[in-house]
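S.K.: Mind having a look at this structure? Questions to follow.
Just so it is clear, none of the values below were taken in a lab; they were calculated from the coordinates. Only a predicted model underlies this, so the values are computations on that prediction, with no experimental measurement involved. Because the Cβ atoms are built from the backbone with ideal geometry, glycine has one as well, and the counts that use them run over all protein chains shown.
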Amino acid sequence: MIIAVASGKGGTGKTTVATSLALALAPHRPVCFLDCDVEAPNAHLFLKPVLDVRKLAVLPVPQIDQARCQHQGTCAKVCQFNAIAIAGETVLVFPDLCHGCGSCMLNCPAGAIIEQPHRLGILESGRANTGIRFARGVLDIGQPLAVPVIRQLKQWFRPRPDETVIIDAPPGTSCPTVESLQGADYALLVTEPTPFGLHDLRLAYELTRELGLPAGVIINRDGIGDSGTRDFCASVDLPVLLHIPLDRALTEGLAQGVPLVALRPQYTAHLWRVLAMIGHRLRETAC
């Protein structure tokens, strides 16, 4: 089972839920955790893995052999991302715009293009002392493309057949979130009962519908805001699987890197019930 924990906006407690779900399951079944929030990965603060395996995340970008180039401009014409421009008899390549699709190299009539690896970030893996297998991607500062790093992380660190996989997805509903949700069995959407939280929950819910992905909601900081989030979930038959009340002492502990299930052990049982409800929903969907 692959559960992607996502949110329409940042700061809702998505990583809090994802790491605590992994910690609740780990004593009883194998767990694989992927931190796909590569622009701001912080699941390690709660799970505290020893990261002892590393690999570069790279993107193949074109390099032009100016001596062989016939300056026909085919490479610039086929590039959908404007990563190549023709300036007189010079071909300019903008690596930060390149998506590594290879169209320019395949369509160059003179064979004047080769691909060179362009570093985007780093992939790291290890194991937490709870036994959780852990991996994350870290996008280099200044690099604009998170999607290739997420894709390479998922290809590099593959789960084992007996593992429950928890994916900590990036916040929002843009391409990095879509890439993180691809291949998941279920989306667990973490929100807060505020107008901003509701607005972004609607977007996240629509994304799961577009992907054909079953979804449920955890309402964090329950007790603030209004009933709009609960009313919306009821109106679209989106199940609310857990309420986590606003609690200052809990917030202070989380800010110090203490997991939810350590601060409030009763949430271990609550999260197991969430898992049971997800399993029931997936069995219904399969039928």
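S.K.: For region 66-111, what relative contact order do you get, as a whole percent, if you take Cα pairs closer than 8 Å and at least 6 residues apart?
M.R.: Details: 53 pairs, mean separation 19.9, N = 46.
Normalised by residue count, the contact order of region 66-111 is 43 percent.
S.K.: Taking the Cα centre of region 1-85 as origin, work out the dipole magnitude from +1 charges on Lys and Arg Cβ and -1 charges on Asp and Glu Cβ, in debye rounded to 20.
M.R.: Using only the charged Cβ atoms, the result is roughly 80 debye.
S.K.: Next up: Give the percent of DSSP beta bridges with both residues in the chain that are antiparallel, rounded to the nearest 5.
M.R.: Restricted to the chain, the bridges split so that about 45 percent are antiparallel.
S.K.: I'd like the distance separating the alpha-carbon centroids of region 27-46 and region 189-212, in whole Å.
M.R.: Computed from Cα coordinates, the inter-centre distance equals 22 Å.
S.K.: Further question: Please identify which residues in region 241-282 have an amide N closer than 14 Å to a label point set 7 Å out from the Cα of Leu45, following the Cα→Cβ vector.
M.R.: Answer for region 241-282: 251-260.
S.K.: Also, quick follow-up: How would region 138-285 be classified by its alpha-carbon gyration tensor: rounded, prolate or oblate, with rounded meaning a/c under 1.5 and the a/b versus b/c comparison settling the rest?
M.R.: Here region 138-285 falls in the rounded category.
S.K.: Roughly how big is the chain's charge dipole about its Cα centre, with Cβ charges of +1 (Lys, Arg) and -1 (Asp, Glu), in debye to the nearest 20?
M.R.: 640
S.K.: How large is the helix-only mean residue ellipticity at 222 nm for the chain, computed as the sum of -39500 (n - 2.57) over DSSP H runs with n ≥ 4, divided by its residue count, in deg cm²/dmol to the nearest 500?
M.R.: -10000 deg cm²/dmol
S.K.: Once you place label points 7 Å from the Cα toward the Cβ at Val53 and Cys175, how far apart are they in nm?
M.R.: 2.8
S.K.: Are there any helices in the chain, counted as whole DSSP H runs, that stretch 15 Å or more along their axis by Cα and score at least 0.5 on average by Kyte-Doolittle, and if so which?
M.R.: Result, helices passing both filters: 14-25.
S.K.: Also, I was wondering about something else. Using Stokes-Einstein with the Kirkwood hydrodynamic radius over Cα pairs, what translational diffusion coefficient do you get for the chain at 4 °C and a viscosity of 1.567 mPa s, in µm²/s rounded to a whole number? Walk me through the numbers before you get to the answer.
M.R.: Working: Rh = 20.5 Å.
Reported coefficient: 63 µm²/s.
S.K.: Follow-up. Under 25 Å from the Cα of Lys14, which lysines turn up, not counting those fewer than eight places away in the same chain?
M.R.: Lys48, Lys154
S.K.: Work out the charge dipole of the chain with +1 on the Cβ of Lys and Arg and -1 on the Cβ of Asp and Glu about the Cα centre, then indicate which of Gly142, Phe81, Ile278 is farthest towards its positive end.
M.R.: The residue sitting farthest along the positive end of the dipole is Ile278.
S.K.: For the chain, what is the relative contact order in percent, using Cα pairs closer than 8 Å and at least 6 residues apart in sequence?
M.R.: Relative CO of the chain lands at 27 percent.
S.K.: When Lys and Arg each count +1 and Asp and Glu each count -1, what net charge do the other residues less than 14 Å away from Leu123, Cβ to Cβ, add up to? Could you put the intermediate results ahead of the total?
M.R.: Values: positive: Arg54, Lys55, Arg119, Arg133, Arg136, Arg151, Lys154, Arg158; negative: Asp35, Asp37, Asp52, Glu124, Asp140.
Here the count lands on +3.
S.K.: Using the Cα gyration tensor of region 66-111, with a ≥ b ≥ c the square roots of its eigenvalues, what is the shape: rounded (a/c below 1.5), prolate (a/b larger than b/c) or oblate (neither)?
M.R.: oblate
S.K.: Using alpha carbon centroids, what distance separates region 258-276 and region 219-233, in Å?
M.R.: Each part's Cα centre sits 20 Å from the other's.
S.K.: With a cut-off of 8 Å between alpha carbons and a minimum separation of six or more residues, what is the relative contact order of region 74-147 in percent? Could you put the intermediate results ahead of the total?
M.R.: Values: 80 pairs, mean separation 16.6, N = 74.
In percent, rounded to a whole number, it is 22.
S.K.: Please work through the chain and write down the cysteines that have no neighbouring cysteine Cβ at a distance under 4.7 Å.
M.R.: Within the chain, the cysteines lacking a partner Cβ under 4.7 Å are Cys32, Cys36, Cys69, Cys79, Cys98, Cys101, Cys108, Cys175, Cys233, Cys287.
S.K.: A follow-up question, please. By how many nm would the segment from Ala269 to Val236 lengthen if fully extended, with 0.36 nm per residue of separation less the alpha-carbon distance?
M.R.: Here the answer is 9.2 nm.
S.K.: Given the options His118, His270, His28, which has the most mean-square fluctuation in a GNM of the chain, springs set between C-alpha atoms less than 10 angstrom apart?
M.R.: Checking each option, the largest mean-square fluctuation is seen for His28.
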